[in-house]
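The structure appears right after this line, and notes come after that.
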Amino acid sequence: MPSELHAFTIEDVEYLRHGERPMMLRMFRPSGDGPFPAIIDVHGGAWTSGDLADCQPRAEVLAAAGFLVAAPNFRHAADGYPTSLADINFAIRWVKARAGALRVAPDRVALSGQSSGGHLAMLAAMRPRDPRYAALPLPAESSAVDATVRCVAVSWPVINPLSRYRHARRLCDGSSPPDWARGMPAKHDLYWGTEANMAEGKPDAGAGTRRTGRIAASPLGAGPA
């Protein structure tokens with residue numbers, strides 16, 4: 001992280017629309033000429049709740065350090081898997097396609113997320129060209145970009161949805177389940193629908209078939225001073 005802190009602006013923009021339903025993205029843009037590294041920050045909420053406001057504390061720290069942060073809302077809950085990944089994949093490409101206007105370095109774009117958002121960030125990073133995730137086209141006038149990222153940072157990700165689902169069910173069958181487990185199986189059922197989807201949604205599932213992207217080992221780097 002650089003020692004000099006940047007002033008930054010916060011702006012909500014519509015990056016995608018599903019029928020009459022707008023998808024908003026909150027951008028935290030550091031001052032200066034850039035080009036800045038960018039982070040698409042994915043909120044958590046057990047795949048069924050939460051929104052872009054959950055990313056605010058983390059995004060403000062990163063923006064002050066010279067990173068452009070884009071925190072998107074995306075479909076979840078009853079929208080079902082893999083709608084979240086389609087929106088996140090689109091958000092990555094949306095930022096890259098506007099790299100010049102946003103003063104972003106398109107080769108220094110990363111993903112981050114917490115809890116279920118960490119899971120979604122890792123899955124998006126490992127499968128940038130999955131045809132289900134990349135199904136939403138950018139506007140025709142956009143530059144040709146893909147959803148590959150330089151790196152991904154996750155905090156307490158639910159990296160194995162099926163394992164967590166079965167663990168929560170076992171706990172709920174007991175006499176005194178912990179608070180986190182109460183209602184958790186229903187949230188999994190709402191978003192994932194089937195155990196087969198939960199298994200397929202584990203980031204290393206189908207390695208060598210669906211996992212067609214590559215995550216570079218080199219660091220993202222801090223923004224310019």
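Quick note: the coordinates plus some simple rules give every number you see, no bench work behind them. As the structure is a prediction and not an experimental result, all values here were calculated from the model. Virtual Cβ from ideal backbone geometry, glycine too; neighbours counted across all protein chains shown.
Within the listed set MET198, MET27, MET184, the Gaussian network model of the chain (springs between alpha-carbon atoms below 10 Å) gives the highest mean-square fluctuation for MET184. Normalising the average separation of contacting C-alpha pairs (under 8 angstrom, six or more residues apart) by the number of residues puts the relative contact order of the stretch 59-107 at 22 percent. Positive-end ranking of GLY44, HIS18, ALA91 along the dipole of the stretch 5-142, with charges on Cβ about the Cα centre, is headed by ALA91. Taking all Cα pairs closer than 8 Å and separated by 6 or more residues, the relative contact order of the stretch 161-202 comes to 52 percent. What's the center-to-center distance, using Cα atoms, between the stretch 159-187 and the stretch 51-120 in Å? Cα centres, the stretch 159-187 to the stretch 51-120: 28 Å.
GNM remark for the chain: springs join alpha carbons under 10 Å apart, and the peak mean-square fluctuation among PRO177, PRO72, PRO22 falls on PRO177. Between ILE92, ILE40, ILE159, the Gaussian network model of the chain with springs among Cα atoms under 10 angstrom shows the greatest mean-square fluctuation at ILE159. Considering the chain, its Cα convex hull presents a mean projected area of 12.8 nm². On the beta carbon distance between HIS18 and ILE159, with R0 = 25 Å, the FRET formula returns roughly 0.35. Based on alpha carbons, the Rg and Dmax found for the stretch 72-123 are 12.1, 36 Å. Close amide-amide hydrogen proximity is noted between ALA105 and PHE36, ALA38, each under 5 Å apart and 5 or more residues distant or on a separate chain (H modeled in the peptide plane; Pro and chain starts excluded).
Taking other residues whose beta carbon is less than 13 angstrom from the beta carbon of SER49, and scoring Lys, Arg as +1 and Asp, Glu as -1, yields -1. Every Cα-Cα pair of the stretch 161-202 was included, and the share exceeding 14 Å stands at 40 percent. Relative contact order of the chain: 24 percent, from C-alpha pairs under 8 Å at least 6 residues apart in sequence. Taking 0.36 nm per residue of separation and subtracting the current Cα-Cα distance, fully stretching the chain between CYS172 and LEU136 would add 9.1 nm.
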